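For reference, the structure is listed below as C-alpha cells.
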Amino acid sequence: MPAGPSPSVPPAQPSPTLPTAPPAKGPRPAGAVLTVSTVLVGLMAGLFFAFDVSVMPGLAAGDDQTYVTAMRAFNKAIDGNPLFGTAFLLALVAAVLSAVLEFRGGRRAVALWVGAAAAAYLVVLLITFTVNIPLNNELADAGDVAGMKDFGIVERFRTTWVTTNIIRTLLCTTALAALARALLLHGRATR
C-alpha cells in the first residue's frame, strides 16, 4: 500500500493570533494624564473668566447688601462642593504627574511645557489660599447683612478680590496654553 496522507485528517493550519494591547509603559498613560490636566486647568480658567466678565461686573451694578449676600452664597456653594475641590487641586497633581511621565518617557520638550503650566497653576493656588480665601472668610465673618452699617469692607473686598481673580484668570489661561502646546508636542512625539 502506498503511504500518503490520511484522508480523514486535514492539513495543519496556522493558528490565528489575537491582537495584543500595547505595553502600559508607552505614551498612553502620559497622554491620558496630560489630557486630564488640560481639561481640569481649562475648567478652572473658565470659572475664573466667568467671574471676571459676568459675575463680578453684575454684582458691582447692584447694592452692597446684594453683593455681600451673593458672594457669601457663591463661596458657600464652592467651598461645600467636593467636585470643585477635587478638580481645583487635581489639576496641579495631574500636571506634575504628567511632567514626570513625559520626562521619564524621554519627551523633554513636552515635560518643559507641562512643568511651566504646573508652575503657573501653583501660583493660582497660592493666590487663592493666601488672598482670595482669607477675603472670602473676612466677608463671611462680617456679620448679618441686614445689620451691617459699615460697607467699607465691600469696597476693600471688591478691589482686591477682582484684581487677584484677573491675575488667576491670566495665569490659568497661560497654563492652559502651555498644556495645549504640550499636547501638540506629545502627539507629534508619540506618532
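The table below lists the values:
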{"read-out": "With Cα atoms, 0 to 90° folded angle of helix 108-127 axis to the chain main axis", "value": "30 degrees"}
{"read-out": "Under the Karplus curve 6.51 cos²θ - 1.76 cosθ + 1.60, θ = phi - 60°, whole-Hz ³J(HN,Hα) for region 177-191, x wherever Gly or Pro sits", "value": "4, 5, 5, 5, 4, 4, 4, 4, 5, 4, x, 5, 6, 10, 5"}
{"read-out": "Additional length obtainable on full extension of the chain from residue 76 to residue 151, 0.36 nm per residue less Cα span", "value": "25.0 nm"}
{"read-out": "Of (i) 18.0; (ii) 10.8; (iii) 20.5, the label for mean projected area of the Cα convex hull in nm² derived from the coordinates", "value": "(i)"}
{"read-out": "Dipole moment magnitude, nearest 20 debye, the chain about Cα centre, only Lys, Arg, Asp, Glu C-beta charged", "value": "1160 debye"}
{"read-out": "Helix-only CD estimate at 222 nm, as mean residue ellipticity for the chain, using -39500 (n - 2.57) per DSSP H run (n ≥ 4)", "value": "-24000 deg cm²/dmol"}
{"read-out": "In Hz, Karplus ³J(HN,Hα) per residue of region 40-51 (6.51, -1.76, 1.60; θ = phi - 60°; x = Gly, Pro)", "value": "5, 5, x, 4, 5, 4, x, 4, 4, 4, 4, 5"}
{"read-out": "Label-point gap, in nm, between residue 123 and residue 167 - each point 7 angstrom along Cα→Cβ", "value": "0.9 nm"}
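No lab work stands behind these numbers, since they all come straight from the coordinates. Note that the coordinates shown come from a computational prediction; the quantities given were computed from them, not determined experimentally. With ideal geometry, Cβ positions are generated from the backbone for all residues, glycine too; neighbour counts draw on all protein chains shown.
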